[in-house]
Every structure is written in C-alpha cells, then in structure tokens.
C-alpha cells in the first residue's frame, strides 16, 4: 500500500470528521437541508454528519461514499436514526440506482473531489424524479480573481491533503451542466476560514416536473 493510500484510508477519514464536525457549519446544514423529505440519496456521505439535520419527513436515505474507511463512524451515526439508511461504498460517478428513484439528492463538500464530476452530476439528474431536487453545499472557485489565483496555486497541495479535493472548481457551472431549474446560486465566504478554501456555494436545483 502506498503512502497516499495509507493517508487516504487511515488519516484522512479522521481529519475529515474532525473538520466537518465544526459547529460553524451547523446553521448551514440546517438551512440547506430544510425541506428535504421522502427518499433521499446522499453522495459523499462521509461519516454521516448530515444525519442529525434530516427531518422526520425523510422516509429513507441511501448513503454513498467511495472511501470504505469512512464507514465505521458513519454506521455508528446511522444506528441512531429512526429512518432506514442504506450505506453503499460507491463512487458518485456511476450509481446502480434506478432511473428517477429519489425525491432529493444531497451533496455536501463532495463535488470538489469526484474525479469525473460532470458525469456525477449527470448521474444525479438520472436518478432524480421529475420535480426532485439536488441540494448542495460546496466550496469552490472564488469570484475574486486574487483569491481564485491563490486557489489555483494551492490546488496541487490541496488535492493531496484533501484526498482528491479541488479548491478551484466552478460549482455553478458544474451544477448547471444539467438542465436544472435553479435560482441564482448563493456564493459567500465562511467566517473564520481562509478564503481560498472558504468560498461556499449553496442552493437547491430542481429537475423540471
């Protein structure tokens, strides 16, 4: 096993859980998951940090993450939920789920690291029912040219430390690569975080009914 594989499977899951557990993210999770209901697919499930923010209107969650070492903590959190959660070790690029089978797809800080991200968004479109929504909270390319320049410079380092994460992906373009109905996407900086990694995109994108 290479050093990179050792880091990905044994170090990164702990770092990710620690960083993503930050209380500063709680209001954001609560806001963007508001109204999620029915049958839900979450890509980039990680260690299951979104679970406490799902409402009682969620019927079932299919949780997808490509890193098998995220599973132990994820399964602990799954046991605490009143609704069924099916956990899958899969990539978001190629989903075995049936066409038009989910009411909502949720992505939290995941589109930054999927290798074939446009293919993943195409898969999201495929599995969403007409009228279904993609709810996303992502970090990505800053609209500020100076910040964007630093994102590009630091991207190779982040790609290693963040287990495939990219700092400079244009999340608005990625989401809109499929014909979603979407309001102007909110872009803002997370307080207390360097702007190179703290430029966030948040919105719900709807598949036409």
- request: Please specify each residue of the stretch 11-25 satisfying the condition of being more than 14 Å from residue 47 (Cβ to Cβ) and touching a residue at least 12 places away in the same chain (Cβ under 8 Å).
  value: 24
query: When you look at residue 13, is it under 16 Å from the mean Cα position of the chain (by Cα) and either surrounded by 13 or more Cβ atoms within 10 Å (Cβ to Cβ) or in a helix (DSSP H, G or I) (or both), yes or no?
result: yes
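The rows are residues; the columns are (1) more than 27 Å from residue 89 (Cα to Cα); (2) modelled with pLDDT of 95 or more; (3) touching a helix residue (DSSP H, G or I) at 6+ places or on another chain (Cβ under 6 Å); (4) surrounded by fewer than 19 Cβ atoms within 10 Å (Cβ to Cβ).
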| residue | (1), (2), (3), (4) |
| --- | --- |
| 104 | no, yes, no, no |
| 140 | no, yes, yes, no |
| 143 | yes, yes, no, yes |
| 149 | yes, yes, no, yes |
| 183 | yes, no, no, yes |
| 200 | no, yes, no, no |
- request: Report, by residue number, each residue of the stretch 51-67 that is out of contact with any helix residue (DSSP H, G or I) (no Cβ under 6 Å at 6 or more places or on another chain) and farther than 21 Å from residue 119 by Cβ.
  value: 52, 54, 55, 56, 57, 58, 59, 60, 61
Identity of the residue in the stretch 100-147, free of Cβ contacts under 8 Å to residues at least 40 places away in the same chain and out of contact with any strand residue (DSSP E or B) (no Cβ under 9 Å at 6 or more places or on another chain), that ends up nearest to residue 34 (Cα to Cα): 126
- request: Check the stretch 66-73 and report whether any residue there is in a helix (DSSP H, G or I), out of contact with any strand residue (DSSP E or B) (no Cβ under 8 Å at 6 or more places or on another chain), farther than 23 Å from residue 34 by Cβ and without any contact (Cβ under 8 Å) to a residue 60 or more places away in the chain.
  value: yes
- request: Give the residues of the stretch 92-124 that are over 21 Å from residue 8 (Cβ atoms) and in a loop (DSSP other than H, G, I, E, B), sorted by residue number.
  value: 95, 96, 97, 98, 99, 100, 101
task: Sort out which residues of the stretch 74-86 are more than 12 Å from residue 41 (Cβ to Cβ), in contact with a strand residue (DSSP E or B) (Cβ under 6 Å, 6 or more places away or on another chain) and not in a helix (DSSP H, G or I), and write them in order of number.
output: 83, 84
- request: Kindly indicate whether any position in the stretch 154-174 is farther than 30 Å from residue 2 by Cβ, modelled with pLDDT of 95 or more and touching a helix residue (DSSP H, G or I) at 6+ places or on another chain (Cβ under 7 Å).
  value: no
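This table checks each residue for (1) at pLDDT 95 or above; (2) more than 18 Å from residue 91 (Cα to Cα); (3) touching a strand residue (DSSP E or B) at 6+ places or on another chain (Cβ under 6 Å).
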{"site": "4", "(1), (2), (3)": "no, yes, no"}
{"site": "29", "(1), (2), (3)": "yes, yes, no"}
{"site": "41", "(1), (2), (3)": "yes, no, yes"}
{"site": "45", "(1), (2), (3)": "yes, no, yes"}
{"site": "58", "(1), (2), (3)": "yes, yes, yes"}
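Can you confirm whether residue 34 is buried (at least 21 other Cβ atoms within 10 Å of the Cβ) and out of contact with any helix residue (DSSP H, G or I) (no Cβ under 7 Å at 6 or more places or on another chain)? It would help to see each step written out before you state the result.
Details: buried (at least 21 other Cβ atoms within 10 Å of the Cβ): no; out of contact with any helix residue (DSSP H, G or I) (no Cβ under 7 Å at 6 or more places or on another chain): yes.
No; evaluated as a whole, the condition is false for this residue.
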- line: Within the stretch 181-200, residues being touching a residue at least 24 places away in the same chain (Cβ under 8 Å), farther than 18 Å from residue 108 by Cα and assigned to a loop (DSSP other than H, G, I, E, B) number 1
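The values are calculated or read from the model by the stated rules, or taken from the named source; none is laboratory data. Model, not experiment: these values are computed from the prediction. Reconstructed Cβ throughout: ideal geometry from the backbone, glycine too, with neighbour counts over all protein chains shown.
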